[in-house]
């Protein structure tokens, strides 16, 4: 995984003996270092005798919303996908006993490689950038090609009616963390159910598929591990694609996006080309512009809801990073962008 850049305390008194009992190779002096960034489940690099060996991912402290921060589900989905066409960091052990480190957690292998935080990939050449985007496109199509039944995930979520159920869920989550009226969210809460196109495909969806949630091989544009499966479930693959392609709609400042970048000069495909490539790879074919508009608006609505939740936890003192407080304003910005897409002010670009 990426270099750990932020040291935080993780209680090792009970963790070290638990690791020795449950994780092969965990004998020795255990040290923990928190990975910088991320607003949801705190994640730590565990070293044994000074050598990076494992990664621990736990729930945050404090009162949590029902079904949120489900590290148990992350453990299950990565165990199911281990060895499949979708690369994951091998899960090693799950602990549901909150007394060990304060919350439930799981441990996985440390995936060595490169982690790209900026979607513009400034550290790479033009040709390398195109290859990285092609690889991300390939891996997402590979994920959506997996039949949940074949990997034991037929009950990982409810089949069918995905957009309607998720709109209801994120409306509820948003209401539970609302700190002030966001007019665009109110419009989306009404528009999304009324405009649901009734798409019924059901596949494993990652929920937050983006460049900084992947580890690439040290010297090739190959994904060695897709990380952060907290939002994964069974759902419509178009929602997953739209969440991923949000990067093309937001700027670099504050979002690490691509909307203000010269894509041809960078060697990064335009949105329409990237979506078309996914359609060819996945078998989805040509995506209807109205369906794409709906999926994008939904993805941004959900993202705004997530950001609002991070902001609420920040002002309650439970966010896993100080940057959580910045998400309040951005929830409104993303909601506004979603409404411009939903209302047709910003075109579907297909």
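Tabulated results
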quantity	calculated
Cβ pairs under 9 Å, 6+ apart, first in segment 235-259 and outside the structural domain of residue 161 (by TED's automatic domain parsing) and more than 13 Å from residue 298 (Cβ to Cβ), second at pLDDT below 95 and surrounded by fewer than 21 Cβ atoms within 10 Å (Cβ to Cβ)	none
Matching residues in segment 83-99 - criterion: being surrounded by fewer than 19 Cβ atoms within 10 Å (Cβ to Cβ) and either within 30 Å of residue 257 (Cα to Cα) or in contact with a helix residue (DSSP H, G or I) (Cβ under 7 Å, 6 or more places away or on another chain) (or both)	84, 85, 90, 93, 94, 96
Test: residue 264 is within 17 Å of residue 122 (Cα to Cα), out of contact with any strand residue (DSSP E or B) (no Cβ under 7 Å at 6 or more places or on another chain), modelled with pLDDT of 95 or more and not in a loop (DSSP other than H, G, I, E, B)	yes
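The values are calculated or read from the model by the stated rules, or taken from the named source; none is laboratory data. Quantities reported herein were computed from a predicted structural model and do not represent experimental measurements. Cβ: placed from backbone, ideal geometry, glycine included. Neighbour counts: every protein chain shown.
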